[in-house]
1. When the Karplus curve 6.51 cos²θ - 1.76 cosθ + 1.60 is applied with θ = phi - 60°, which whole-Hz ³J(HN,Hα) does each residue of the stretch 270-280 get, with x for Gly and Pro?
2. Excluding ligands and nucleic acids, what accessible area in Å² is computed for Ser25 using a 1.4 Å probe, to the nearest 10?
3. As an exercise, use a Förster radius of 22 Å and the Cβ-Cβ distance of Arg407 and Leu385 to find the FRET efficiency, rounded to the nearest 0.05.
4. Could you sort Met308, Met359 by accessible area so the largest value comes first, with the probe set to 1.4 Å?
5. Using the Cα centre of the stretch 314-416 as origin and beta-carbon charges of +1 (Lys, Arg) and -1 (Asp, Glu), tell me which of Tyr412, Ser341, Ala353 is placed farthest towards the positive end of the dipole.
6. Please name which of Gly309, Ser267, Phe295 has its Cα lying farthest along the dipole of the stretch 245-333 towards the positive end, using unit charges on Cβ (Lys, Arg +1; Asp, Glu -1) and the Cα centre as origin.
7. Straight-line reach from Lys496: which aspartates and glutamates have a Cα under 13 Å away, not including same-chain ones fewer than 8 places off?
8. Give the ranking of Tyr28, Tyr50 by solvent-accessible surface, highest area first, calculated with a 1.4 Å probe.
Amino acid sequence: MDDNILVYVAGNPSAYPLEYYDPSSGTYQGVIPRLLAQFSAQSPYELVYYSPGEADQREQLGKNLQVDLLSGYIGDEELPSEYESIPLFQVTLQGKEVSYCLCATQVASDQLKTDLQGFLSTVSQQAITGLVVESTSSAASSGFFPLATAGLALTAVLLTTALLLVIRHFRKRLRRLQQELEGDEATGLRNFDYLLRYYKQIINDQNRILYSLLYFYVDTDHLHRLTSGLETSEFLRYCALVLQEHTTDTDILAKVTDNGFALLKLSGSPEQLKPWITGVLHKLRSYPQTYSKPFDVRIAVGIYPLKMGDRDLNEMLFNASQEAQTALRGQTDCSVFSDESLKRIQMEQNLRATVDKAMESREFQLYIQFYVDARTHQVVGGEALSRWLHPEHGLLSPNVFVPVLEREGLIYKLDFHCLRSSCQFLQELFDRGIQNFFLSCNFSRETFSAADFAEQCRKIIDDYCFPRELLIFELTESVSCQNLSSIRSNMTALKKYGVRIALDDFGEGFT
């Protein structure tokens, strides 16, 4: 272009891969020519290498003032005193910083030197590394191999430096990626993947039995009923901070579920852990008082002491989480996994595996808890209750099997089974002329909030002809605010259909 300012450069023909003369193309190649080409593309300067040739002509061309720049000066190579040095980049060689630079001759304009220095200040070390790799790759593909000893030495230095920089760069990227994959965004803690990785690295046959796996279970359903999702998230972050404060270098902490924190803790025995757990739980439970929150928090700990044969972290976490929920139901701080715990879990797994067959075999039986009119002492209605007459375990109460069905997402089957049994009972009474006995049915929150709940209920009730007002659906006052629109819609549809709605546990303060 006519507006371009010509700048002449005298290159070093044997500083591969920094700068070298390529006989096949008759041009200078390498890192510096590529850098200068980038500078030229971003500026009004057109840089031209002067008289390419195999002999080093820099000294003569500089003396004759035929060029603006002398290129390819390396390390502590003596520089002409009359020229101004322009630093390119540095590398560390055997603990010593080695610099590479250009020299501006007397004919180079001050603006050129300012613009060139400004451009070089924006070039990152990663970009230099990329240019080294590109230069060596293009030289190898063209069949060019430098023979000069100095060139080979420089090649080794730069390639080693480039390789180290690349390795360092990708290690940093790998660490960042690993942190992203193993992080829990909600609390700032690490997640299950982190716990699993460090479990494999730290826990071995020599120290396994010295560790216990603690599972801190937070009743987030309870919190959701009392407050907002934002407040629940804030409390979980508070839990993370408290647990971090109480861990040591030998502990491994992670948030492994939406409502659970896991801590692999070095300890002599579970009994020795209990005072520590009591202190942590006291601080966690004091959160509402400390921060003036109008709700209480429910949290408990399950302790699983590692045994010599333990290998499956998922199984250990499951056992610890079950113990935590057992402690919560029993309103105690913590519960330790034992042989009795194992029997209970095995029984629950057996119940889970046989629930469908039990429905078909009518092992779930309807029990009626009667309502009596206090004035007339007459039975006027009842509440439908379920009991499981199990062929192996005998008569089971709801506190045994309902938590299993809720955990496995099968509670809706029991709810609708109980509804059908209640309808059959009301129909039998109606056919016998008893037309004023009402019956109420309880439904889980999950079942009542389902989008098709009202429709499924109508399909069951339509098979019977007793008066619809004799059937009452009980909705617990403490029902979760989640899916409230679905609950409201289902209540409205069922009332229009003729079923009555009652509020259970009224007065607990949730309405």
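The values are calculated or read from the model by the stated rules, or taken from the named source; none is laboratory data. Please read these numbers as outputs of a predicted model, since none were measured by experiment. With ideal geometry, Cβ positions are generated from the backbone for all residues, glycine too; neighbour counts draw on all protein chains shown. Only protein heavy atoms, including side chains, enter the accessible area calculation; ligands, DNA and RNA are left aside. Shrake-Rupley method; radii C 1.70, N 1.55, O 1.52, S 1.80 Å.
1. Couplings: x, 5, 5, 7, 4, x, 5, 5, 4, x, 5 Hz.
2. Its accessible surface works out to 60 Å², give or take rounding.
3. Details: r = 21 Å, r/R0 = 0.93.
With R0 = 22 Å, the Cβ-Cβ based efficiency is 0.60.
4. Largest accessible area first, the residues go Met308, Met359.
5. Value computed over the given set: Tyr412.
6. The one lying farthest along the dipole's positive direction is Phe295.
7. Cα-Cα hits under 13 Å: Glu455, Glu469.
8. Working: Tyr28 20, Tyr50 65 Å².
From most exposed to least exposed: Tyr50, Tyr28.
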